[in-house]
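Following: one structure in structure tokens, then a few remarks.
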Amino acid sequence: MKNMSNTFKEIMPSRALSPLFKMKLFKIMALLAIVIFFLIPILRLVLLSFQVNNQLSLQNYADILQDSKTWTVLIDTILIVIGSTFISVTLGVLLAWLVAYSDIRAKKWMQVFIILPFVIPSYISTLAWTQFLGANGLYGKMISILPFSLEPINLYSMGGIIFVLGFSHYPLVYLLSVSVFRKVPREVEQAARVSGASGWRTFVKVTVPLALPGIASGGFLAFLANLDNFGIPAFLGIPAQIDVLSTYIYQQVVGFGPSAFQRAATLSVLLGIIALFGIILQWLLLKKSKMLETTVEDKKPRVYLGKSRKLIEILLWSFFLLTSLVPFISMMMTSLLSAYGLDFTWENISLKNYQFVLDTSPKAKRAIGNSIQLALIITVIGLVIGTAFAYYRVRKPNRWNQFSEMAISLPYALPGTVMALSMIFAWMEPIPGWNPGIYGSVMILFIAYFTRFLILQVRGSITAVLQVDVSMEEAAMVSGSNGWSKWRRILIPLLLPSILSGAFLVFLTALTELTVSSLLWSSNVETIGVVIFSFEQAGYTTYSTAFSSLIIGLILFGFISLYVLQYFWNRKVANVK
């Protein structure tokens with residue numbers, strides 16, 4: 001009996017410690033995976049920029065900074081980023097203020113058109129703009145019937161790159177500003193007006209300082225997106241021999257010179273330093289801004305436009321149609337031509353470009369298969385891991401979770417070319433002298449996509465978990481529902497719509513990705529973005545426009561399917577309640 005008692009005492013502590021031990025072991029494994037997949041690649045990239053003949057040195061930086069070409073690229077990059085960010089912030093803030101403050105009608109539909117340039121890949125938008133403003137495009141035909149002459153717009157220039165970048169990324173500023181504008185207390189503005197301040201002075205002295213956190217965050221995201229973008233400067237800048245850092249790094253790597261990787265790594269660090277300046281500027285702006293105490297959005301109009309409302313609405317809808325629809329219609333018209341440059345007449349219309357993409361071209365067919373496979377697997381894995389991490393992050397906040405979230409967000413915050421290079425250096429030889437064959441295979445694209453896009457699912461799932469009050473879980477546990485039963489009956493039905501939105505964003509981003517893929521793809525592992533880029537670079541514009549039109553159709557189909565699914569799911573959950 002005594003022996004049994006002793007044995008029982010020995011077993012109980014070990015059983016009690018067993019879950020704790022498993023949890024600690026799981027935490028250690030998770031942190032190890034985060035360090036290996038998210039941090040080490042970036043550290044190796046920085047380290048390589050300081051290496052010459054396996055010795056630490058500043059020689060790479062000295063060589064790069066003494067090259068006059070580097071300074072030309074840096075100045076062009078800074079000018080393009082500043083110009084395009086100015087356009088993005090101006091358009092984003094103006095539209096956010098009109099939607100949040102004024103009494104214009106059909107705001108929901110306007111929001112759809114505002115977001116459209118953001119969800120469509122920027123290289124496809126570029127293709128659409130070049131077809132619209134090209135010599136044979138709709139713009140050329142419209143100005144040809146005018147009684148006076150107008151010069152055609154050349155997008156293959158600094159101004160063209162700034163214009164397309166600015167118009168592609170203003171939705172980021174809008175999305176982060178509109179909700180902050182709605183949270184500005186109308187009582188504060190009314191107090192300023194009663195004190196004698198004019199409408200403009202109230203806007204400058206009261207509204208803008210209170211909305212500055214949203215404007216600064218949106219402006220920073222637009223700054224990063226303009227700095228990071230590869231598709232637009234590649235489509236418009238390379239033919240005009242205008243290089244920015246993202247395309248210059250790409251040219252260094254594909255050039256395969258004796259010091260190509262060292263030069264690319266050094267340029268990547270310079271690109272990261274410019275991004276750091278953006279972070280510092282955002283921090284300074286946020287430091288000076290005033291924090292809003294209210295979290296409730298006031299959606300009622302504060303400014304009534306009166307007789308000018310109709311004119312402003314006509315101007316807004318003309319802007320949306322001109323920037324969101326007409327370029328894509330022009331692109332689809334080009335995709336239907338039997339040969340590039342022909343007039344759009346019945347005898348010149350053909351579907352042979354679509355047949356080529358879907359049936360004849362093995363490269364295009366492989367790209368569709370590869371991209372769908374990559375996007376699906378990344379979405380499913382991201383859905384499970386991202387949601388599990390988000391749940392743990394919200395329910396058990398601590399410094400390790402904060403550190404993990406920061407590490408997971410790092411690959412997405414970095415410019416795409418920098419991130420792709422870090423993947424090459426990390427997985428070409430993970431251990432010196434050992435090449436596992438990951439670089440040059442589809443596996444490196446899986447790893448790169450997973451590390452870059454996981455944060456999108458994490459953020460979407462965090463938002464979803466925050467919407468579920470913890471008391472509902474406690475009630476479920478008191479009622480006997482625990483573990484999988486709690487997830488199946490309570491959490492999944494409530495979380496699913498928001499989680500699916502995050503998953504759809506991951507799928508869409510992975511499906512149409514170009515920046516990372518342009519440096520990591522290899523023979524037989526092409527992706528959709530890479531093939532469209534190669535068609536355009538080779539002069540096969542009818543094929544690139546046909547392929548892009550198919551992707552636009554796929555994106556619209558996905559949006560409609562998600563909307564229908566969420567609609568019926570919400571009705572089902574409401575009926576259950």
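Read-outs throughout are calculated quantities, based only on the coordinates presented, and are distinct from any laboratory measurement. If you're wondering where the values come from, they're calculated on a predicted model, not measured in any experiment. Cβ placement follows ideal geometry from the backbone for every residue including glycine, while neighbour counts extend to all protein chains displayed.
Amide H to amide H, which residues 5 or more places from V52 or on other chains are under 5 Å from it, using H placed in the peptide plane?
Amide H neighbours of V52: S57.
Put a dot 7 Å past each Cα toward the Cβ at K572 and S479; how far apart are the dots in nm?
Label-label distance for S479 and K572, simple model: 1.8 nm.
Given C-alpha coordinates of the range 350-576, what is the ratio Rg to Rh with the Kirkwood estimate of Rh?
1.05
Determine, for each peptide in 188-194, 440-446, the mean count of other beta carbons within 10 angstrom over its residues, then list the peptides with the highest first.
Values: 188-194: 13.7, 440-446: 18.4.
Going from most to least packed, we get 440-446, 188-194.
Where in the chain are the DSSP H helices whose alpha-carbon span along the long axis reaches 20 Å or more and whose Kyte-Doolittle mean is at least 0.5? Display every interim value, and only then the final one.
Numbers: long enough: 2-34 (48 Å, 0.40); 68-101 (49 Å, 1.63); 158-183 (38 Å, 1.23); 208-228 (29 Å, 1.35); 260-288 (43 Å, 1.48); 362-395 (49 Å, 0.79); 399-413 (21 Å, -0.25); 442-466 (35 Å, 1.73); 492-511 (27 Å, 2.15); 541-576 (52 Å, 0.96).
Span-like helices here: 68-101, 158-183, 208-228, 260-288, 362-395, 442-466, 492-511, 541-576.
Could you bin all the Cα-Cα distances of the chain into 10 Å bins starting at 0 and give me the percent of pairs in each, rounded to whole numbers?
3, 14, 24, 25, 19, 10, 3, 1, 1, 0, 0
In deg cm²/dmol and to the nearest 500, what is the mean residue ellipticity at 222 nm of the chain if only DSSP H runs of at least 4 residues count, each as -39500 (n - 2.57), divided by the residue total? All intermediate terms of the calculation are to be shown ahead of the outcome.
Details: 25 runs with 410 residues, N = 577.
After summing the helix terms and dividing by the residues of the chain, the value is -23500 deg cm²/dmol.
Just how far, in whole angstrom, is the range 144-170 from the range 33-59 if you go by their alpha carbon centroids?
First find each Cα centre; the distance between them is then 41 Å.
With all pairs of different alpha carbon atoms counted, what Kirkwood hydrodynamic radius in Å does the range 47-339 show? All intermediate terms of the calculation are to be shown ahead of the outcome.
Details: mean 1/r = 0.0464 Å⁻¹.
Its Kirkwood hydrodynamic radius stands at 21.6 Å.
Applying 1/(1 + (r/R0)^6) with R0 = 30 Å to the Cβ-Cβ distance of L281 and Q190, what FRET efficiency is obtained, to the nearest 0.05? Kindly include the intermediate steps, with their values, before the conclusion.
Details: r = 32 Å, r/R0 = 1.08.
After rounding, the FRET efficiency stands at 0.40.
Test of understanding: what is the full-extension gain from R302 to Q241, defined as 0.36 nm times their sequence separation minus their Cα-Cα distance? Walk me through the numbers before you get to the answer.
Working: separation 61, 0.36 × 61 = 21.96 nm, distance 4.87 nm.
Using 0.36 nm per residue and subtracting the Cα-Cα distance, I get 17.1 nm.
So if I place +1 on the C-beta of Lys and Arg and -1 on the C-beta of Asp and Glu, and nothing else carries charge, what would the dipole magnitude of the chain be about its Cα centre? I want it in debye, nearest 20. Please list the in-between numbers first.
On the way: 44 positive and 25 negative charges, 501 e Å.
Around 2400 debye, computed over the chain.
Separation between the T90 and L47 pseudo-spin-labels, each 7 Å from Cα along Cα→Cβ, expressed in nm?
4.7
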